[in-house]
Amino acid sequence: MRRPRIPPARYVLADVALWAVLAAATGYGFQDASAPSPVVDLLLPLAVLAVAVPLSRSRPGAAVFLVNGLCALGMADSATPANAHVLSLAALSCLLGDRVAAARGPLLVLAACLAVDVAACAVLRVPAVWWFYALTMLPGALLLPWLAGRHWRGRRELVREGWRLARSLEERQHLVAERARLTERADIAADMHDSLGHVLSLVALRAGALELSPDLTGRDRADLAELRGTIANAVEQLRETVAVLHEPRESGADTSSGGLPVKDTVEDLLGRAVASGVPVRWERHGSVPALSPLVERGMYRVVQEALTNAVKHAPGGVVRVGITHEADRTRVTVVNAAPSAGGSADEPGQADEDRTSGAGRRGLTGLRERVTVLGGSLRTGPHQGGFRVAAVLPHQAPARLATRAAAPDTGRDTEPGATPESAKRLAEVRRTARRRSVVAFAAPVTAAAFFVPAAVYLAWQLTTGVLSPSGFDELETGRSRAELARLLPARDFPYPPDHARSAPRPPATHCEFYRSGRDLLDQVDLYRLCWLDDILVAKDTVQANQR
């Protein structure tokens, strides 16, 4: 069996406080009434409020409808339709706007409440002031607080969504920073592979050259062969470790930084290779342009990776390095010949396969990424029995890459020109809140366009058909309308109650009614003047509260 849900204590306390405030207003209205009924005017409203206030949490529309019934019941008051239940109606209508996100259901409830109020006026056949009250005051108590509640809800949702997005962006910032750290570590590992792998390859080459020395014993040659094998295994393990750490680069990732000694140049790299016994032939064509640091690093890496692969896969083969500086780009070509007869690194045909699909794939793949990010291109493949690496690099790196290299990472990883999802969501919430604000402003203006002219016209009729008590006392029966014209208002009151119209009158006369005061929201006594052929034959007073 499902147990009923018990509301939290703070909800109960809030409902009790609201009921107490509305009950106090009801009690004040009861004391101020002219002829109050304890049951109808006090006990019944308090009981309805005791049901409507807690009901407004689960069924706020039903709560508004209940309280509106109290206002409709107040139409039966013969003195005035105004009562303290309007405050309760406005409070619960505000809660309706605050607690219900949709607009269709609440609008239907408000329309039903207005229909009940108009029906009550029609059934009770109330005077014009009651109609004015039902068509202006009650709609205002329903509509305006509901719009205020919706606006309050929209602002609260905007703040809540803003904080949620702030937390989401903060978490995302941490994730981006963590990913940046991991990427940087992988880049450092890749640079270590490029630099350390090159050095180890040269050491292995030197060890291989020492094996051929005639002065060594067999034990020395065995030790050198084991050393060369150990170095080769270390290079392979380093390459495998980097392959595990390295993830596929994004198109905007910077792969050109780090790892290059500040004062190391391509000439220094080639000099070390020659000193290690690598047969290198190199030449440079064209005047040396002003290259950006990123392009210099890229060119250095191209030559370094190509030399490393040549030493490993084609030991003893001649390596030709060519650097050609053109007007806006630099071409770097590294070609190694087939391994010499004394080479022992790879079997015939195996070197090119390793460099394109095996052990050398990681280095060439990283090199291609590096060159592509710099705005250049890289081509690798077999060439005349050997292998060729050809790169074309611009003299200056792209502006966006130079900016990212110079500036710290801001944590943004969206494509240029793309709108982040968080910004889209925040913009949507702002548009919703803006629409609610516009509706909250436009709805009262639209309602005022209908209600204000009607209210002004009714007020004009109520105030222009007023005959002062002193003027009424000066009126004498038996005198003509022309003689009494100075004492009479410009027009009579067109909405006398039914009991005034049906009151006995002299035969063959027609009667006109005038209000005795200018009070717009309260009933005042009416003066009745009966005329026979424009001669005043009778005058009397009709009590306002008479039924």
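Throughout, read-outs are computed from the coordinates displayed, never taken from laboratory work. Note that the coordinates shown come from a computational prediction; the quantities given were computed from them, not determined experimentally. We place every Cβ from the backbone using ideal geometry, glycine too, and count neighbours over all the protein chains shown.
Things worth noting here:
- Estimated FRET transfer efficiency (residue 265, residue 173; beta-carbon r; R0 35 Å; 0.05): 0.35
- Sites residue 275 and residue 234 - FRET efficiency at Förster radius 25 Å, r taken between beta-carbons, to 0.05: 0.70
- Potential lengthening of the chain between residue 442 and residue 473 amounts to 6.2 nm, from the contour at 0.36 nm per residue minus the alpha-carbon distance.
- Protection proxy ranking for 60-68, 94-102, 78-86, using the average of other Cβ atoms within 10 Å per residue and placing the highest first: 60-68, 78-86, 94-102.
- Available extension along the chain between residue 128 and residue 456 is 116.8 nm, counting 0.36 nm per residue and deducting the alpha carbon span.
- On the basis of the beta-carbon distance and an R0 of 45 Å, residue 39 and residue 541 show a calculated FRET efficiency of 0.85.
- Packing-based order for 477-486, 505-514, using average beta carbon neighbours within 10 Å, highest first: 505-514, 477-486
- Point-to-point label distance, residue 182-residue 108, nm (Cα→Cβ direction, 7 Å offset): 5.1 nm
- Extension gain (nm, one decimal) between residue 427 and residue 16, 0.36 nm per residue minus Cα-Cα: 144.1 nm
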